[in-house]
Structures are given as structure tokens and as C-alpha cells.
1. Against the conditions (1) at pLDDT 90 or above; (2) crowded, with 21+ Cβ neighbours inside 10 Å, where does Lys198 fall short? Just the number, please.
2. Tally up the residues in the range 27-45 that are of a type outside the set (Ser, Thr, Tyr), over 21 Å from Pro163 (Cα atoms) and either crowded, with 22+ Cβ neighbours inside 10 Å or modelled with pLDDT under 90 (or both), please.
3. Of the numbered conditions (1) in contact with a helix residue (DSSP H, G or I) (Cβ under 7 Å, 6 or more places away or on another chain); (2) closer than 22 Å to Val296 by Cα, Thr203 fails exactly one; give the number of that condition.
4. Is the range 184-192 home to any residue that is without any contact (Cβ under 8 Å) to a residue 60 or more places away in the chain and crowded, with 21+ Cβ neighbours inside 10 Å?
5. Of the numbered conditions (1) modelled with pLDDT under 90; (2) farther than 30 Å from Arg259 by Cβ, Ser215 satisfies every one except a single condition; which is it?
6. Which is touching a helix residue (DSSP H, G or I) at 6+ places or on another chain (Cβ under 6 Å) and either at pLDDT 85 or above or part of a helix (DSSP H, G or I) (or both), of Leu8, Leu96?
7. List the residue pairs whose Cβ atoms are under 6 Å apart, where the first residue sits in the range 286-298 and is assigned by TED's automatic domain parsing to the domain that holds His223 and closer than 19 Å to Leu173 by Cα, the second is of a type in the set (Lys, Arg) and in a helix (DSSP H, G or I), and the two are 6 or more positions apart or on different chains.
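The values are calculated or read from the model by the stated rules, or taken from the named source; none is laboratory data. Just so it is clear, the structure is predicted and the values come from calculations on it, not from any experiment. Reconstructed Cβ throughout: ideal geometry from the backbone, glycine too, with neighbour counts over all protein chains shown.
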Amino acid sequence: MLRWRLILGVLLIAGLAGLCWLDAHASLPGICLGPLAFVAAALATGEMLRMFRAQGHDPTAWTVYVGTLLPVAVSCVAVIGYAQPPIFSLGRLGWLALALVVGLGVAIVGEMRRYESPGRSIVRLALAALSVLYVGGLMGMLVQLRLVEPYGYGLGPWGQLLPLLSLIATVKLSDTMQYTFGRTFGKHKVAPTLSPGKTWEGTIGGIGSATLISSVGIAYILHGSAGLQPALLAKTAAFALAVTIVGIIGDLAESMLKRDAGVKDSSDWLPGFGGVLDILDSLLLAAPVAYLFWSVVL
């Protein structure tokens, strides 16, 4: 299993790096990364339905897919069309918000068409709404990060990818260091019922090391050696600390969904990783935090 995890990990990183390079040099932002986000959201939606069905619930599949994928698709279109501001006058997040409302409306209409007798529609609708918000909304935020450019730093084509890449690198570095510190020093469980393998020693070690490495790395990328000054380091450290903490909460949240559904992994098609939700869990909840920092603080 570890061998498969290492092999797939290298392939996933290489594939993502290649798509990022293509996207950074493309004429339209998001033209290469957008389809990846849409496919990942579609797979994650299927995994949500799998967990719902494991609990004995059966929300209307097409409404869950349409309602969940709509915010992601609209976010992709809004990002790609950013070169024409008059057409997208709702603003960057306005399109995502509108798509979430419409996605919820699709779920409501789907359950109305299916309604036959009392007792199940509220549960099915609540589960569909969870998928729309958790997968569709948060994946839409990841897409929106593609446009949050760190203005004023003169970073070139790669600059506009820094908010997205900094989130992925920081959170995944935290995950890796949590595992390393946990295996080496871990004794005290954080949430033994939800995630028996997660320890306080691993969590603190992962947060601390990821915050230190990411804050220095981001500051250096933004300003070179001149960026290693207290004011900027404080901002980048706050960013790294916030996304790592929220990323851990996202990891535990997805563990809660799996535990409640009685499944070990969200899916079994990625040996060593589980499913798409198992890969994205710590990124999804952290995406709005990263968006806030790169839009307002950094």
C-alpha cells in the first residue's frame, strides 16, 4: 500500500505541476486547471452519494450532480472569462454565490418531482444541500483562488498561481509532517473516535513545521531576501497557521462523514489514498481562508 501511495503521489504531483505550467502560460487563466477541478468535483460528488447510500439514504442522484457541479462549472467559466469584466459584472464571488443558490434550487425541484409520501424528502434534500455546499461551494472557492493575484510583486505568469499553489503546498506539507511527527512521537490522541491515528504530537509538529517553512518560503518568493522582514513574515505566518489549522478541521470533518457512513475510504479506486475526497478534505475548508488572506491581508 505504501508503494502505491508513493507511486501515485509522484504521478499526481507531476501531473498537477504540468497543468499549472500550462495554465500559467495559457492565454486564458484557468483553461487547463478548470477541467481538472470539474472532474475532481464530479468524482467527489459520486463519493458523497456512495456515503449517503451506505447510510440507507438515496437522494436524487441527478439533482446532487447538477446542483453540486453547477457552482464549480460557473466558477470555471467566470475565471476564464475574467478577461472581459463587463460580461461578468457580478464580480468574482458573485457568480459562485448565484450558482450555489441555483444548485440548491435544483435539489429542491428534484425532490418535489420525486415526492410521494412523507418521511424521507427532508433527509434527501438535506444531504443534497450538503453536497452542493461542501463539494460544489468549496471546490468553487479553490477555482476562484486562481484569480487572486498577489498584485504589486511583479512575479510574472506564475504570480497569479501563487495563492492556489501556496494553499496546496502548505496544507499538504502539514499533512506530511503530521504523519512524520505522529509516527515518531505520537502518544496522545486528538479525536480517537473520528481519527484514531491523529495525535497531538503529530498535529502540533505538523502545524509548527509547515507554518515555519511555508511562511519563509512565501515571503522569499514575494520579495526575495528583502522579504524576510518581520512585517511580511508575520502575514505569511498567519496565513500558513490559519490554513493548516482549518485544513486539520477539514480532515476531521471528512473523517466524520466516513465514520458516520461506516466506510473506511470515500472510494477505493486510488490505492493508498482512498478517494478524491480523501485527497481534497484538508484543502476544501481551507480554500475560503486562503482566499480571504490573499485578497485582504497579503
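1. (1)
2. Qualifying residue count, the range 27-45: 1.
3. (2)
4. no
5. Of (1) modelled with pLDDT under 90; (2) farther than 30 Å from Arg259 by Cβ, only one is false for Ser215: (1).
6. Details: Leu8 fails: touching a helix residue (DSSP H, G or I) at 6+ places or on another chain (Cβ under 6 Å).
Result: Leu96 is the single residue among Leu8, Leu96 that is touching a helix residue (DSSP H, G or I) at 6+ places or on another chain (Cβ under 6 Å) and either at pLDDT 85 or above or part of a helix (DSSP H, G or I) (or both).
7. Hits for this filter: zero, empty list.
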